[in-house]
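S.K.: One structure coming up, written as structure tokens, with questions to follow.
Please treat every number below as a calculation from the coordinates, not as lab data. For clarity, every value in this text was computed on a predicted model and none was experimentally measured. Every residue, glycine as well, gets a Cβ built from its backbone with ideal geometry; the counts of neighbours run over all protein chains shown.
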Amino acid sequence: MQKPLAGCKIAVLVGNGFEEIQMTDCQRALLGAGAAVKIVSTAPGLVNGWQGKGWGHYYPVDQQVSETLAADFDMLVLPGGERSLAKLLETAHTLRIIRGFRDAGKPVSAIGTGIDLLAAADRLVGCSVSVNDSSRDKAVAAGAQVAEEPIAHDGVLLTARDDADLSAFIQQTIELFASADAIKRAA
């Protein structure tokens with residue numbers, strides 16, 4: 001079985017209340033592709049997902065946001081979740097990490113309200129992004145161009161509106177991360 005992401009270190013940045021299916025489906029696919037996936041969070045020990053209209057399962061946190069550097073990872077995944085977004089934005093470390101990935105030209109994949117984190121970090125200027133209605137104004141205010149497609153690919157940035165496009169988003173995330181890793185290894 002081919003492992004296109006073997007040796008890649010991927011951070012999944014979440015706070016309590018993240019969209020559980022967005023994180024778990026993506027995490028499962030990335031692990032299956034051979035990546036080392038770490039959950040980074042503001043929550044100590046365990047982070048709680050959100051599933052439908054209520055709290056979901058708990059997941060172990062691998063690293064605290066305050067102890068994480070973009071330099072420690074090759075790629076970043078930003079699942080959505082309004083509650084997660086609020087928790088992550090309580091600390092400046094979240095924005096530091098996102099800026100570190102974007103400034104280093106590392107691949108970032110965001111879905112749903114995960115895109116709001118990129119807007120808060122002021123790292124969407126000139127980017128074409130696919131956003132849901134609740135994120136549209138924030139993305140435009142941050143200098144992004146809103147794409148009409150449900151998934152937008154702009155260099156090493158991949159964005160998707162919501163769960164309706166989740167399996168295509170995950171497949172494109174793996175392809176983006178694998179191509180970026182191949183370029184990095186060739187350099």
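S.K.: Find the Rg to Rh ratio for the stretch 1-103, where Rh is the Kirkwood radius over alpha-carbon pairs and Rg uses the same atoms.
M.R.: For the stretch 1-103, the value is 0.96.
S.K.: Something else about it: How many nm is it between the label spots at Ser134 and Thr91, if each spot is 7 Å from the Cα in line with the beta carbon?
M.R.: 2.3 nm
S.K.: In whole percent, what relative contact order does the chain give with Cα contacts below 8 Å and a gap of six or more residues?
M.R.: On the way: 398 pairs, mean separation 36.6, N = 187.
Rounded, it is 20 percent for the chain.
S.K.: Here is a follow-up. Step through the residues of the stretch 40-47 one at a time and calculate ³J(HN,Hα) from phi using the Karplus curve (6.51 cos²θ - 1.76 cosθ + 1.60, θ = phi - 60°), rounding each to whole Hz and writing x for Gly and Pro.
M.R.: Coupling constants for the stretch 40-47: 10, 8, 7, 6, x, x, 10, 10 Hz.
S.K.: Further, regarding this structure: If you count the DSSP beta bridges with both ends in the stretch 9-186, what percent of them are antiparallel, to the nearest 5? Could you put the intermediate results ahead of the total?
M.R.: Working: 9 of 31 bridges.
If we restrict to bridges inside the stretch 9-186, about 30 percent are antiparallel.
S.K.: Next question, about the same structure. Long-range amide H contacts for Ser128: which residues qualify at under 5 Å (H placed 1.01 Å from N, peptide plane, sequence gap of 5 or more or a different chain)?
M.R.: Gln145
S.K.: In addition: Testing the spin-label approximation: label points 7 Å from Cα along Cα→Cβ at Glu175 and Leu31. State their distance in nm.
M.R.: Label at Glu175, label at Leu31, 2.5 nm between them.
S.K.: So, one more: How large are Rg and Dmax for the chain when only the alpha carbon atoms are used, in Å?
M.R.: 14.8, 46
S.K.: Once R0 is set to 22 Å, what does the formula 1/(1 + (r/R0)^6) return for the Cβ-Cβ distance between Gln63 and Ala6, expressed as a FRET efficiency to the nearest 0.05?
M.R.: Details: r = 21 Å, r/R0 = 0.95.
The formula returns an efficiency of 0.55 here.
S.K.: At a Förster distance of 30 Å, what's the computed FRET efficiency of Leu46 paired with Glu82, Cβ-Cβ distance as r, to 0.05? Intermediate results must be reported in sequence, preceding the final value.
M.R.: Numbers: r = 20 Å, r/R0 = 0.66.
Working from the Cβ atoms, E equals 0.95.
S.K.: Which lysines, on any chain, are close to Lys3 with Cα under 21 Å apart, when same-chain ones fewer than 8 places away are left out?
M.R.: Hits, sequence-local ones excluded: Lys38, Lys106, Lys184.
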